[in-house]
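Visitor: Once you've had a glance at the structure underneath, I'll fire off some questions.
The values are calculated or read from the model by the stated rules, or taken from the named source; none is laboratory data. As the structure is a prediction and not an experimental result, all values here were calculated from the model. Cβ placement follows ideal geometry from the backbone for every residue including glycine, while neighbour counts extend to all protein chains displayed. Just so you know, the surface numbers come from the protein's heavy atoms only, side chains and all, with ligands and any DNA or RNA stripped out. Shrake-Rupley method; radii C 1.70, N 1.55, O 1.52, S 1.80 Å.
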Amino acid sequence: MMSSATSRSSLPSGLAVLTTFPDVLFIPELIFGGLVWILIAASKVLHPIVLGWVMFVSVFCFVMTATLLFLYLCGAHGGSSSWVTLDAICQVTAALFYLSAAVLEAYYTIQLRGFTFTGWWTAYQENIAAVVFAFVATLLYVIHQIYSLRRWKSS
């Protein structure tokens, strides 16, 4: 049975991270964030500033999420309430970053239709997939953020 963050005001440690909501969302966040990272890295770069931001967000959030997951699995927080605040800050930051990156990537993909270059259709399809996965990652981080903020408020 999966426990909820609303019934506990502390962070889980060890394998309990994988059975506690919203912390179980770390896994799909890593999966979809990694897919965005791969698709952006493989795409044709016509506007480096836009894709640079999307790449930064995907790598930053992937590393942050993996680090938090590892630290929670190791129990590094030791039950300290300051880690609940850190968790809430990280989730809010990731949700805002991914929202901005997903919107920019969608705008870039719409603009990509106007270009004609060799392999544009493949690049267009890769960018559509990146947009979809970026919005899924955004949704996951927003859900995680809401429950992390509820846990922070009750701690």
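Visitor: Taking only protein heavy atoms and a 1.4 Å probe, what accessible area per residue, in Å², does the chain have with all protein chains in place?
Guide: Per-residue accessible area for the chain comes out at 50 Å².
Visitor: Excluding Val57 itself, what net charge comes from residues whose Cβ is under 13 Å from its Cβ, given Lys and Arg +1 and Asp and Glu -1?
Guide: -2
Visitor: Of all accessible surface on the stretch 110-155 at a 1.4 Å probe, what whole percent is carbon and sulfur?
Guide: 66
Visitor: Label 7 Å along Cα→Cβ of Ser154; the stretch 51-82 residues with amide nitrogen under 19 Å?
Guide: Once the point is set 7 Å along Cα→Cβ of Ser154, 79-82 turn out to lie under 19 Å by backbone N, inside the stretch 51-82.
Visitor: Moving on to the next point. Counting only residues 5 or more places away or on other chains, whose amide H sits under 5 Å from the amide H of Leu46 once H atoms are built in the peptide plane?
Guide: Amide H neighbours of Leu46, under 5 Å, 5+ apart: none.
Visitor: Among the trypsin sites (Lys or Arg not before Pro) within the stretch 110-155, which fall in a DSSP loop and have no more than 16 other Cβ atoms within 10 Å of their own Cβ?
Guide: Taking the stretch 110-155 and a limit of 16 other Cβ atoms within 10 Å, the loop trypsin sites (Lys or Arg not before Pro) found are Arg113.
Visitor: Where in the stretch 44-78 does the amide nitrogen come within less than 20 Å of the point 7 Å from the Cα of Trp120, taken along Cα to Cβ?
Guide: Residues 44-51 qualify, since their backbone N sits under 20 Å from the label point.
Visitor: Next question, about the same structure. Using only the alpha carbons of the chain, determine the length spanned along each of the three principal axes and report them from longest to shortest in whole angstroms.
Guide: 55, 26, 24
Visitor: A follow-up question, please. What angle, in degrees between 0 and 90 and rounded to the nearest 10, separates the Cα long axis of helix 48-74 from the longest principal axis of the Cα atoms of the chain?
Guide: Helix 48-74 sits roughly 20 degrees off the main axis of the chain.
Visitor: Convert 20 °C to kelvin, take the viscosity as 1.002 mPa s, use the Kirkwood radius over C-alpha pairs of the stretch 4-68 as Rh, and evaluate the Stokes-Einstein diffusion coefficient in µm²/s, rounded to a whole number.
Guide: In µm²/s, the coefficient is 160.
Visitor: Mind pulling the angle between the C-alpha long axis of helix 26-42 and the longest principal axis of the chain? Nearest 10 degrees, somewhere in 0 to 90.
Guide: Compared with the principal axis, the helix lies near 20 degrees.
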